[in-house]
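Worksheet: the structure to be examined is printed underneath.
The values are calculated or read from the model by the stated rules, or taken from the named source; none is laboratory data. In this text the structure is predicted, and so the values were computed from the model without any measurement. Every residue, glycine among them, receives a Cβ derived from its backbone with ideal geometry; neighbour counts consider all protein chains shown. We work out accessible area using only protein heavy atoms, side chains counted, and drop any ligands, DNA or RNA first. Shrake-Rupley method; radii C 1.70, N 1.55, O 1.52, S 1.80 Å.
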Amino acid sequence: MSSTYALLALPFFAAVALVAVVAGVVAARRARARGRRPFVGRRAAVVTSVVAGVALLVMTMVFDNVIVTLRVVAYDPALIWGAKIGAIPVEDLAYSIAAVVLLPSLWVLFDRTGTRITDRDTAGATTARPAPDPTIPRPEDTP
Amino acid sequence: MPGVYLAGLVVSLVGMTVLDARFRLFFWRAPWRAAAVMAVGVAFFMVWDVAGVALGIFFIGQQSVLTGILLAPDVPLEELFFLLLLCYTTMDLVGFVRPVVERRLRAAERRRP
């Protein structure tokens with residue numbers, strides 16, 4: 001019984017956290033450029049990851065229990081904590097936790113539509129105007 | 001029964017694709033962006049898997065449901081499909097939950113004086 005499997009997750013969690021922070025900064029900058037408050041988007045992202053994460057964890061517990069019971073995967077008992085959910089070591093859940101943070105962050109970072117936003121915004125205006133001051137909330141944000 | 005696990009994974013992936021197409025969750029929202037997320041995600045988890053195998057933490061058990069095709073020692077072909085399913089399921093879920101959360105947050109924002 002040891003923490004080897006748990007410790008293996010640490011460098012991967014660190015990488016995921018880094019990508020998530022970068023995605024958060026990029027998303028906030030985009031929101032500000034569009035004259036929206038980044039706060040709402042950030043909260044939506046966090047709540048989404050928590051809700052989707054809970055669903056994914058439940059699905060993972062079921063799925064992994066099936067494949068461990070079928071002995072598709074086996075573990076060295078000397079390298080895991082020993083805490084189990086049914087047949088699976090709790091450390092198995094690290095994959096799902098990483099997925100639900102990493103993948104939506106990549107989705108934000110790989111968004112290339114942002115470069116065309118300014119075109120779309122100015123197209124609707126009757127006269128050409130300078131880029132909106134990001135510090136002033138636009139009318140649609142303050143109903 | 002060799003191949004049963006792979007068949008199960010493929011059926012699940014088809015299910016994820018159907019949900020994606022029906023509700024426009026991931027590939028049906030932005031195909032290239034989704035492909036890039038899947039590629040990086042699967043590569044990331046594959047590195048994790050190979051590290052776990054190299055450390056001797058997990059390995060293929062005494063089973064009879066794998067095809068026997070290996071991508072690397074103790075990394076069966078099925079693992080690639082498993083990681084595809086993990087990533088696709090995650091992003092379908094996120095694609096489904098995100099608009100609901102946004103709508104509720106915006107509604108709550110509007111109710112506030």
Discussion item. Quick test for you: out of B:A34, B:A43, B:A54, pick the one residue that is among the small types (G, A, S) and either in contact with a Lys or Arg (Cβ under 6 Å, 6 or more places away or on another chain) or more than 27 Å from B:M16 (Cα to Cα) (or both).
Written reply: B:A54
Worksheet item: Out of (1) farther than 19 Å from B:F59 by Cα; (2) open to solvent by 40 Å² or more (accessible area, probe 1.4 Å); (3) more than 7 Å from chain B (Cβ to nearest Cβ), the odd one out for A:S105 is which?
Response: (2)
Discussion item. Need pairs with beta-carbon distance below 8 Å; first residue among the polar types (S, T, N, Q) and within the stretch A:101-120, second at pLDDT below 80; sequence gap 6+ or separate chains.
Written reply: A:T118/A:A131
Practice prompt. Looking only at the stretch A:4-34, count how many residues are at pLDDT below 95 and over 19 Å from A:V101 (Cα atoms).
Written response: 6
Discussion item. Could you tell me how many of the residues in the stretch A:39-54 are surrounded by fewer than 17 Cβ atoms within 10 Å (Cβ to Cβ) and in contact with a helix residue (DSSP H, G or I) (Cβ under 8 Å, 6 or more places away or on another chain)?
Written reply: 3
Worksheet item: Which ones in the stretch A:37-62 are within 11 Å of chain B (Cβ to nearest Cβ) and farther than 15 Å from A:I97 by Cα?
Response: A:R37, A:F39, A:V40, A:G41, A:R42, A:R43, A:A44
Worksheet item: Which ones in the stretch B:58-70 are in a strand (DSSP E or B) and either in contact with an Asp or Glu (Cβ under 7 Å, 6 or more places away or on another chain) or over 19 Å from B:V10 (Cβ atoms) (or both)?
Response: B:F58, B:F59, B:I60
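Residue-wise test of (1) modelled with pLDDT under 95; (2) under 18 Å from B:A39 (Cα atoms); (3) open to solvent by less than 60 Å² (accessible area, probe 1.4 Å).
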site: B:A51; (1), (2), (3): no, no, yes
site: B:Q62; (1), (2), (3): yes, no, no
site: B:T67; (1), (2), (3): no, no, yes
site: B:C87; (1), (2), (3): no, yes, yes
site: B:V94; (1), (2), (3): no, yes, yes
site: B:R104; (1), (2), (3): yes, no, no
site: B:R112; (1), (2), (3): yes, no, no
Item to complete: Could you figure out which of (1) at the interface with chain A (Cβ under 7 Å from one of its Cβ atoms); (2) crowded, with 21+ Cβ neighbours inside 10 Å isn't true of B:L55?
Response: (2)
Item to complete: Could you list all residues from the stretch B:10-41 that are in contact with a helix residue (DSSP H, G or I) (Cβ under 6 Å, 6 or more places away or on another chain), facing chain A (nearest Cβ under 10 Å) and assigned to a helix (DSSP H, G or I)?
Response: B:S12, B:V37, B:M38, B:V40, B:G41
Fill in: Positions within the stretch B:63-107 being more than 8 Å from chain A (Cβ to nearest Cβ) and more than 21 Å from the chain's Cα centre (by Cα), in sequence order
B:S64, B:G68, B:P73, B:V100, B:R103, B:R104, B:A107
